[in-house]
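Notes for the one structure printed next.
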Amino acid sequence: MVFGIFYPRFITKPFGVILVSLVEQLRKEGVSLRDAIARSALIRMKPALMTMTVAVAGLIPAALSTAIGSQSQRPLALVIVGGLIPGVMLALIVLPAMFEFFEYGFRRKPKVEDAAKFSREDS
């Protein structure tokens, strides 16, 4: 059961690491932060969703089983499926938002002139 709790972390953690490294690589190439975050999230979405779908599809029979011996497999499969789905979604949705917040969120409030400058950069 303990393994089932940590298994989704072993899958979702690399998604986050690869996503952040891709954002940093795009930033070094001169892409704006918002564009780099959007591009990297779109690039990493397909592999992340494919990995999650295969893992969930493989564990659904064990999660729904009521046969003999399923008393030990069912809880493990439910924990893995229940942790994998939100973990991947958090890595694809929340992590990019947090990345932008930590880049811009702790700065001083921009003046009106700075706001106009930021809007021109994002366009």
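Please treat every number below as a calculation from the coordinates, not as lab data. No experiment lies behind these values; they were computed from the predicted model shown. Cβ sites come from the backbone with ideal geometry, for glycine too, and all protein chains shown count toward neighbours.
General observations
- Computed over the alpha-carbon pairs of segment 32-76, the distance histogram in 5 Å steps reads 5, 20, 15, 13, 11, 9, 9, 7, 6, 3, 2, 0 percent, short to long.
- Within segment 17-113, trypsin sites (Lys or Arg not before Pro) in DSSP loop having at most 14 other beta-carbon neighbours inside 10 Å: Arg107, Arg108, Lys111
- R0 of 30 Å, Cβ-Cβ distance Val17-Ser72: FRET efficiency to nearest 0.05: 0.40
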